[in-house]
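The values are calculated or read from the model by the stated rules, or taken from the named source; none is laboratory data. Since this is a predicted model, take the numbers as computed values, not measurements. Counting neighbours? That spans all protein chains shown, and the Cβs are built from the backbone with ideal geometry, glycine included. Ligands, DNA and RNA are stripped out before the accessible areas are found, and what is left, the full protein with its side chains, is counted by its heavy atoms. Shrake-Rupley method; radii C 1.70, N 1.55, O 1.52, S 1.80 Å.
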Amino acid sequence: DICLTFFQRLLGMVWNNEEGEQGLAARFQNAVDENVLANPTIERLAKELGISREHLQREYIKQTGKTPAKYLAEKRFEKLCFLLTTHKNLSEIVEIMNFSSFSSMSAFFSKHSKTTLKQFQTNRIILI
(Lines give C-alpha, C1' and ligand atoms only; values in the text may rest on other atoms or scores of the structure.)
Protein backbone atom coordinates (compact mmCIF):
# COMPACT_ATOMS: atom_id res chain seq x y z
CA ASP A 1 0.00 0.00 0.00
CA ILE A 2 2.83 2.41 0.86
CA CYS A 3 4.73 1.35 -2.27
CA LEU A 4 1.63 1.91 -4.41
CA THR A 5 1.10 5.40 -2.96
CA PHE A 6 4.76 6.26 -3.52
CA PHE A 7 4.58 4.97 -7.11
CA GLN A 8 1.40 6.98 -7.79
CA ARG A 9 3.02 10.15 -6.42
CA LEU A 10 6.16 9.56 -8.46
CA LEU A 11 4.12 8.92 -11.59
CA GLY A 12 2.11 12.09 -10.89
CA MET A 13 5.32 14.15 -10.59
CA VAL A 14 6.61 12.80 -13.90
CA TRP A 15 3.24 13.38 -15.57
CA ASN A 16 3.00 16.96 -14.27
CA ASN A 17 6.52 17.74 -15.47
CA GLU A 18 5.77 16.43 -18.97
CA GLU A 19 2.53 18.36 -19.00
CA GLY A 20 4.40 21.50 -17.93
CA GLU A 21 6.99 21.09 -20.67
CA GLN A 22 4.29 20.58 -23.29
CA GLY A 23 2.48 23.67 -22.05
CA LEU A 24 5.63 25.78 -22.15
CA ALA A 25 5.08 26.91 -25.74
CA ALA A 26 1.52 28.01 -24.94
CA ARG A 27 2.64 29.80 -21.77
CA PHE A 28 5.38 31.59 -23.71
CA GLN A 29 2.93 32.59 -26.44
CA ASN A 30 0.52 33.94 -23.84
CA ALA A 31 3.33 35.95 -22.24
CA VAL A 32 4.26 37.37 -25.65
CA ASP A 33 0.64 38.26 -26.40
CA GLU A 34 0.30 40.03 -23.06
CA ASN A 35 3.59 41.95 -23.44
CA VAL A 36 3.93 42.51 -27.20
CA LEU A 37 3.68 46.29 -26.91
CA ALA A 38 6.39 46.45 -24.25
CA ASN A 39 9.04 45.17 -26.68
CA PRO A 40 9.98 42.33 -24.33
CA THR A 41 13.22 40.39 -24.57
CA ILE A 42 13.39 36.62 -24.65
CA GLU A 43 15.42 36.76 -21.43
CA ARG A 44 12.72 38.77 -19.66
CA LEU A 45 9.95 36.46 -20.85
CA ALA A 46 11.91 33.36 -19.81
CA LYS A 47 12.48 34.87 -16.38
CA GLU A 48 8.77 35.66 -16.13
CA LEU A 49 8.10 31.97 -16.87
CA GLY A 50 10.62 30.92 -14.23
CA ILE A 51 13.03 29.22 -16.64
CA SER A 52 16.33 29.99 -18.32
CA ARG A 53 16.55 31.47 -21.82
CA GLU A 54 18.36 28.34 -22.97
CA HIS A 55 15.66 26.03 -21.61
CA LEU A 56 12.96 28.13 -23.26
CA GLN A 57 14.85 28.07 -26.55
CA ARG A 58 15.36 24.31 -26.49
CA GLU A 59 11.80 23.39 -25.46
CA TYR A 60 10.07 25.93 -27.68
CA ILE A 61 11.94 24.74 -30.77
CA LYS A 62 11.15 21.13 -29.83
CA GLN A 63 7.45 21.92 -29.49
CA THR A 64 6.90 24.35 -32.36
CA GLY A 65 9.81 24.00 -34.78
CA LYS A 66 10.70 27.68 -34.57
CA THR A 67 12.61 29.87 -32.17
CA PRO A 68 11.00 32.00 -29.47
CA ALA A 69 12.59 35.06 -31.10
CA LYS A 70 10.86 34.26 -34.40
CA TYR A 71 7.49 33.97 -32.69
CA LEU A 72 8.04 37.23 -30.81
CA ALA A 73 9.06 39.05 -34.00
CA GLU A 74 6.03 37.69 -35.87
CA LYS A 75 3.67 38.90 -33.17
CA ARG A 76 5.30 42.33 -33.02
CA PHE A 77 5.10 42.58 -36.82
CA GLU A 78 1.40 41.64 -36.75
CA LYS A 79 0.71 44.30 -34.15
CA LEU A 80 2.73 46.89 -36.07
CA CYS A 81 0.81 46.12 -39.29
CA PHE A 82 -2.46 46.50 -37.45
CA LEU A 83 -1.44 49.85 -35.96
CA LEU A 84 -0.31 51.07 -39.37
CA THR A 85 -3.86 50.56 -40.65
CA THR A 86 -5.33 52.77 -37.92
CA HIS A 87 -5.47 56.55 -37.95
CA LYS A 88 -2.50 56.85 -35.62
CA ASN A 89 0.49 58.79 -36.85
CA LEU A 90 3.90 57.13 -37.04
CA SER A 91 5.33 58.85 -33.98
CA GLU A 92 2.40 57.53 -31.92
CA ILE A 93 3.03 54.02 -33.25
CA VAL A 94 6.74 54.25 -32.41
CA GLU A 95 5.75 55.15 -28.85
CA ILE A 96 2.97 52.53 -28.54
CA MET A 97 5.24 49.76 -29.82
CA ASN A 98 8.18 50.92 -27.68
CA PHE A 99 10.60 51.25 -30.58
CA SER A 100 13.61 53.37 -29.74
CA SER A 101 13.11 55.52 -32.85
CA PHE A 102 11.28 55.84 -36.14
CA SER A 103 14.30 54.41 -37.95
CA SER A 104 14.31 51.29 -35.75
CA MET A 105 10.61 50.77 -36.46
CA SER A 106 11.20 51.28 -40.18
CA ALA A 107 14.12 48.82 -40.16
CA PHE A 108 12.02 46.27 -38.25
CA PHE A 109 9.19 46.65 -40.77
CA SER A 110 11.51 46.26 -43.76
CA LYS A 111 13.23 43.24 -42.21
CA HIS A 112 9.94 41.39 -41.80
CA SER A 113 8.40 42.28 -45.14
CA LYS A 114 9.54 42.86 -48.69
CA THR A 115 8.05 46.33 -48.47
CA THR A 116 9.46 49.52 -47.03
CA LEU A 117 7.39 51.52 -44.60
CA LYS A 118 7.16 54.33 -47.16
CA GLN A 119 5.88 51.91 -49.84
CA PHE A 120 3.32 50.58 -47.38
CA GLN A 121 2.11 54.07 -46.53
CA THR A 122 1.69 54.84 -50.22
CA ASN A 123 0.13 51.57 -51.40
CA ARG A 124 -1.19 49.94 -48.20
CA ILE A 125 0.20 46.63 -49.46
CA ILE A 126 2.58 44.39 -47.52
CA LEU A 127 4.63 41.80 -49.37
CA ILE A 128 5.87 39.03 -47.13
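Under the condition of being crowded, with 16+ Cβ neighbours inside 10 Å and either at pLDDT below 95 or within 22 Å of MET97 (Cβ to Cβ) (or both), the residues counted in region 52-72 number 3. Does SER113 satisfy being hydroxyl-bearing (Ser, Thr, Tyr), open to solvent by less than 50 Å² (accessible area, probe 1.4 Å) and modelled with pLDDT of 95 or more? So SER113 fails the test. When region 75-128 is limited to residues that are of a type in the set (Val, Ile, Thr) and out of contact with any Leu (no Cβ under 9 Å at 6 or more places or on another chain), the one that is nearest to GLU34 (Cα to Cα) turns out to be VAL94.
Identification of helices (runs of 4 or more DSSP H) wholly contained in region 42-128 with 1 or more residues that are under 21 Å from the mean Cα position of the chain (by Cα) and among the polar types (S, T, N, Q) yields 53-64, 102-112.
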